[in-house]
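J.: If you scroll down you'll find the structure; I have some questions about it.
The values are calculated or read from the model by the stated rules, or taken from the named source; none is laboratory data. Please read all numbers here as calculations on a predicted model, not as lab measurements. Note that each Cβ is placed from the backbone with ideal geometry, even for glycine, and that neighbours are counted across all protein chains shown.
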Amino acid sequence: MARIFYGVQGDANGHINRSLSVAELLSGHEVLFAGGGAAVRARDAGFAFEELPLVGMLVRDNAVQWAPTIANFIGKRASATRWIHRLKEIITAFDPDLILTDNEYFTPRTAKALGRPCYSLDHQHVLSRTRHTPPPGQTLPRLTATGIMRFFLPGLQGCMIVSFHRPPLVDPHSDAIFGTIPRPDALAVQPETGEHALMYVPGCDVDKIRNLFGRRKREYRIYGLGERPGQGNLIFRKPGRRRFLEDFASAAYVVACGGHGLLTEALLFGKPCLLFPGRFLYEQFWNCHFVREKGFGRYYTSFGIDPKEVDAFEASLDACRTRIAAEDCNGRTALQAHLESLL
């Protein structure tokens, strides 16, 4: 049995969802998680866990909030030396065979200080360590995102990238790219096609959603905005993984912001995607761009579009489903073999 130390970013659920899916591939080995924010869910899942300060982006109303994000970073940066010293003690005592990070700030710095290799296992590095044509009109967000990644994750031994779109690697000697890593409970669900649509848009303005979707005949089951009274065809669901999967797997299509974790399950279930990426969230724009390029759906930069655009998207649902069905996005088996080879 090997030991794996796993630092996980916790500013949203996508990182910890992916990391727990990877941990399931590593069953039989001992995994120690560390991180802040949502990363604490690793402890709830039964894993050993060390809490770290959360250093990440703050998002509200589908846009990066720069002032609070910068203030958070400055505050955490002031205590970085103390936390790296603490993490050095934890890693030395655990003596892992493999150190992984999913965009966690302190893990690669501590590994470097200890002279130990650290590997990134994430989606973000598809933006900077593959050869592809970037989405147009996103130069400043692209440079900002890739610059932050280089700063956040210094001295990596290599990257394991998971993505529904797999461009050629810049350096295939140090990096590897795989398909998506669906969560185990999603793999057990049998999808079907119903009449409702699933919407997952945390933090988005309810009025904007109502103006675009509220007069349509289709029912929209909305997650990410909390439970609240329904508004005609708009049904607001309280958080709950089991019901979410049921609504997701039986939906006609999904409306979302473009995060990679949700896209992983949308493509697993064969659901066309209508996407609205957040402002200055370049990774979401990248995802949305290639969802459109591959024929899996469409994206718009604002909810203030003509409802006829939604009509046109709905007219393309069968074509989108055909394109999704033709693509094998699942990378679980290949990633598991790669991890075992590293161990």
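J.: Of the conditions (1) under 18 Å from PHE152 (Cβ atoms); (2) surrounded by 18 or more Cβ atoms within 10 Å (Cβ to Cβ); (3) not charged (D, E, K, R), PRO117 satisfies every one except a single condition; which number is it?
T.: Against the list (1) under 18 Å from PHE152 (Cβ atoms); (2) surrounded by 18 or more Cβ atoms within 10 Å (Cβ to Cβ); (3) not charged (D, E, K, R), PRO117 comes up short only on (2).
J.: Of the residues that sit in region 164-185 and are outside any loop (DSSP other than H, G, I, E, B) and either in contact with a Lys or Arg (Cβ under 6 Å, 6 or more places away or on another chain) or at pLDDT 95 or above (or both), which one is surrounded by the most Cβ atoms within 10 Å (Cβ to Cβ)?
T.: THR180
J.: I'd like to check something: does region 127-144 contain any residue that is touching a residue at least 60 places away in the same chain (Cβ under 8 Å) and either hydroxyl-bearing (Ser, Thr, Tyr) or outside the structural domain of GLU30 (by TED's automatic domain parsing) (or both)?
T.: Yes, that holds for at least one residue.
J.: Step by step: first the residues of region 203-245, then only those that are buried (at least 17 other Cβ atoms within 10 Å of the Cβ) and within 20 Å of the chain's Cα centre (by Cα), then the one that is modelled with the lowest pLDDT. Which residue is that?
T.: Among those that are buried (at least 17 other Cβ atoms within 10 Å of the Cβ) and within 20 Å of the chain's Cα centre (by Cα), it is CYS204.
J.: Are any of the residues in region 325-342 surrounded by 19 or more Cβ atoms within 10 Å (Cβ to Cβ), in contact (Cβ under 8 Å) with a residue 40 or more places away in the chain and farther than 16 Å from THR180 by Cα?
T.: Within region 325-342, not a single residue is surrounded by 19 or more Cβ atoms within 10 Å (Cβ to Cβ), in contact (Cβ under 8 Å) with a residue 40 or more places away in the chain and farther than 16 Å from THR180 by Cα.
J.: Within region 129-161, restricting attention to residues that are closer than 26 Å to LEU114 by Cβ and of a type in the set (A, V, I, L, M), which residue is farthest from the chain's Cα centre (by Cα)?
T.: LEU156
J.: Within region 144-154, is even one residue in a helix (DSSP H, G or I) and either farther than 27 Å from ASP122 by Cα or of a type in the set (Lys, Arg) (or both)?
T.: Looking through region 144-154, at least one residue is in a helix (DSSP H, G or I) and either farther than 27 Å from ASP122 by Cα or of a type in the set (Lys, Arg) (or both).
J.: Of the numbered conditions (1) at pLDDT 95 or above; (2) over 28 Å from VAL22 (Cα atoms); (3) of a type outside the set (Phe, Trp, Tyr), SER302 satisfies every one except a single condition; which is it?
T.: Here SER302 clears every test but (1).
J.: Next question, about the same structure. Which condition number in (1) closer than 30 Å to ARG242 by Cα; (2) surrounded by 21 or more Cβ atoms within 10 Å (Cβ to Cβ); (3) touching a residue at least 60 places away in the same chain (Cβ under 8 Å) is the one that ILE161 fails?
T.: All conditions pass for ILE161, except number (3).
J.: Let me ask you something else. Could you tell me whether any residue of region 122-130 is part of a strand (DSSP E or B) and modelled with pLDDT under 90?
T.: The answer is no, given that none of the residues of region 122-130 is part of a strand (DSSP E or B) and modelled with pLDDT under 90.
J.: When region 310-343 is examined, which residues are found to be closer than 30 Å to ASP95 by Cβ and part of a helix (DSSP H, G or I)?
T.: If the condition is that a residue be closer than 30 Å to ASP95 by Cβ and part of a helix (DSSP H, G or I), then ARG332, THR333, ALA334, LEU335, GLN336, ALA337, HIS338, LEU339, GLU340, SER341, LEU342 are the ones that fit.
J.: Given LYS88, LYS112, which one is of a type in the set (D, E, K, R), under 14 Å from PHE152 (Cα atoms), modelled with pLDDT of 95 or more and outside any strand (DSSP E or B)?
T.: On inspection, the qualifying residue turns out to be LYS112.
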